[in-house]
Amino acid sequence: MRTTIALLCALMMVCLATNVSYSDPLFGPPVNYGVGDSPFSVFSAELDGDGDYDLAVANWYSNNVSILKNNGDGTFQVAVIYGVGQWPNSLFCTDLDIDGDFDLTVANYGSNNVSVLLNNGDGTFGPADNYPCGIGSVSVFSIDLDSDRVNDLVVADHGSDSISLLINLTPTPCCDVSMTPDNSPIFVPRGGTFGITGTISNPTLDPIVTDVWVGVKVVTVFFQLWSFSNIPLNPGQSLSAHLNQYVPYFAPPGEYMYVSYCGDYNVSKCDSFSFPFTVTGVRIEGGASEWTLEGGWDVPYTIPSEYALTGSYPNPFNATTSITYELPEASQVSVEVYNLLGQKVTTLVDGRAEAGQHSVTWDGANYSSGIYFYKLTAGGKTFTKRMTLLK
């Protein structure tokens, strides 16, 4: 009785101190989502790259984890199940392979190991790799323990009265990239611009030459906007540059992620950095008509090494999209658009163009919704890609 009275008095003092009463609830009624058998632990992280927090659940008796993706409004999709070890007791989300997204680590009490599931970049995961630990693994945590800039694992082993340290053998990043907005949060009108300070660094003991490329991610799809090639850096050197990103007037309003990578362009990514921005419904008359990035690092401009049809953005689109292509030398160029029947609906470019990266806009306002193909012909080569017009 004395304990009960003491607890009640303590609770009353807390309520008075915080000016919160039982008649002022902080939460609404529960909303239930199905997962596996006997859920034992839950963790939240941004798993699919769309800017909101998703859920991961460890299910004790069904020996699996459930991933519930956020719809963006605090409601969740049906759980997707991934197998792990026996009797998963807890989980933790962290980047283990230095690709900029959150992977899963799960401590398995029954199988005395930890399961690692690598993120494919879209909130789906590869099969679990299991690493032995002590007896009765009940908890897992991740942090860089040996100062090599790669996250390691610590596992608490209940049955053996010990902890297991697992040092990550992933190679140290070969470059660092970061992008710092001039203002945050970013709300930019269609046709407007926002400023960024980009920094590229060499964390190694040897000179390097690296590439940087940037783009926007909508939901889980990445659209490349610009690239900077062959940036030389001495050991420990950092280079910063101020950039202005223009947002075209046809960009759909909504949430975006601005993403930058460094490494060997189109071969391997060493590091990545991203931040969210919002395109508002306001449109600036006479504003930007392309996704143009102004400024850059003080390095010589590099001509593309081969002909390429980079892509179109946005895609799907309504009703304007920008098509980007690259030329290694001055060439006669043709860019045409075809419908699903193979009929040419318009010619966007027909003439000679200098070497470099180019873009052209197609306004599909006068065309019906559907799938279209855009074709680049240059240098004796032809490239074709698909785009979808939605109205």
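Values computed for the structure shown
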{"item": "Strands (runs of 3 or more DSSP E) lying entirely in the range 343-391 (those with 2 or more residues that are touching a residue at least 40 places away in the same chain (Cβ under 8 Å))", "result": "356-363, 370-378, 381-389"}
{"item": "Subset of the range 362-384 [buried (at least 16 other Cβ atoms within 10 Å of the Cβ) and within 25 Å of L293 (Cβ to Cβ)]", "result": "W362, G364, Y374, L376, A378"}
{"item": "Tally of residues being without any contact (Cβ under 8 Å) to a residue 24 or more places away in the chain and open to solvent by 80 Å² or more (accessible area, probe 1.4 Å) across the range 154-166", "result": "2"}
{"item": "Residue match in the range 225-243 (condition: within 27 Å of T384 (Cβ to Cβ), among the hydroxyl-bearing types (S, T, Y) and modelled with pLDDT of 90 or more)", "result": "no"}
{"item": "For S38: the one exception among (1) under 30 Å from V218 (Cα atoms); (2) loosely packed, with under 15 Cβ neighbours inside 10 Å; (3) among the small types (G, A, S)", "result": "(1)"}
{"item": "All positions within the range 232-256 that are in contact with a Leu (Cβ under 6 Å, 6 or more places away or on another chain) and not in a strand (DSSP E or B)", "result": "P235"}
{"item": "Strands (runs of 3 or more DSSP E) lying entirely in the range 142-195 (those with 3 or more residues that are within 23 Å of the chain's Cα centre (by Cα))", "result": "176-181, 187-190"}
{"item": "S322 under 21 Å from S368 (Cα atoms), out of contact with any Gly (no Cβ under 6 Å at 6 or more places or on another chain) and not aromatic (F, W, Y)", "result": "yes"}
{"item": "Boolean, T321 is in a strand (DSSP E or B) and at pLDDT 85 or above", "result": "no"}
{"item": "Cβ-Cβ under 7 Å pairs, at least 6 apart or on other chains, the range 245-271 side under 17 Å from T310 (Cα atoms), far side of a type in the set (G, A, S)", "result": "V259/G215; V259/S272; V259/S274; S260/G198; S260/S272; Y261/S272; Y265/S227; Y265/S229"}
{"item": "Selection status of K375, of a type in the set (D, E, K, R), modelled with pLDDT of 85 or more and in contact with a Ser or Thr (Cβ under 6 Å, 6 or more places away or on another chain)", "result": "yes"}
{"item": "Of all residues in the range 244-258 being among the aliphatic types (A, V, I, L, M) and open to solvent by less than 10 Å² (accessible area, probe 1.4 Å), the one that is modelled with the lowest pLDDT", "result": "A251"}
{"item": "Top-ranked residue of the range 296-318 - restricted to ones that are among the hydroxyl-bearing types (S, T, Y) and more than 22 Å from G351 (Cβ to Cβ), ranked as modelled with the lowest pLDDT", "result": "Y301"}
{"item": "Failed item, numbered, when G351 is tested on (1) exposed (fewer than 12 other Cβ atoms within 10 Å of the Cβ); (2) under 20 Å from S305 (Cα atoms)", "result": "(2)"}
{"item": "S90 assigned to a strand (DSSP E or B), over 13 Å from A58 (Cα atoms), open to solvent by less than 30 Å² (accessible area, probe 1.4 Å) and touching a strand residue (DSSP E or B) at 6+ places or on another chain (Cβ under 7 Å)", "result": "no"}
{"item": "Some residue of the range 116-133 being modelled with pLDDT of 95 or more, within 20 Å of Y61 (Cβ to Cβ), part of a strand (DSSP E or B) and of a type outside the set (G, A, S)", "result": "yes"}
{"item": "Some residue of the range 272-279 being on the phi > 0 side of the Ramachandran plot, within 17 Å of the chain's Cα centre (by Cα), in contact (Cβ under 8 Å) with a residue 24 or more places away in the chain and assigned to a strand (DSSP E or B)", "result": "no"}
{"item": "Some residue of the range 135-148 being open to solvent by 50 Å² or more (accessible area, probe 1.4 Å), out of contact with any strand residue (DSSP E or B) (no Cβ under 8 Å at 6 or more places or on another chain) and of a type in the set (G, A, S)", "result": "yes"}
{"item": "From S201, S178, residue being within 26 Å of T94 (Cα to Cα), crowded, with 16+ Cβ neighbours inside 10 Å, without any contact (Cβ under 8 Å) to a residue 40 or more places away in the chain and touching a Ser or Thr at 6+ places or on another chain (Cβ under 7 Å)", "result": "S201"}
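The values are calculated or read from the model by the stated rules, or taken from the named source; none is laboratory data. What you see is a predicted model; the values in this text were computed from it and never measured. Neighbour counts run over all protein chains shown; Cβ positions are idealised from the backbone, glycine included. Ligands, DNA and RNA are excluded from the accessible area calculation, which covers all protein heavy atoms including side chains. Shrake-Rupley method; radii C 1.70, N 1.55, O 1.52, S 1.80 Å.
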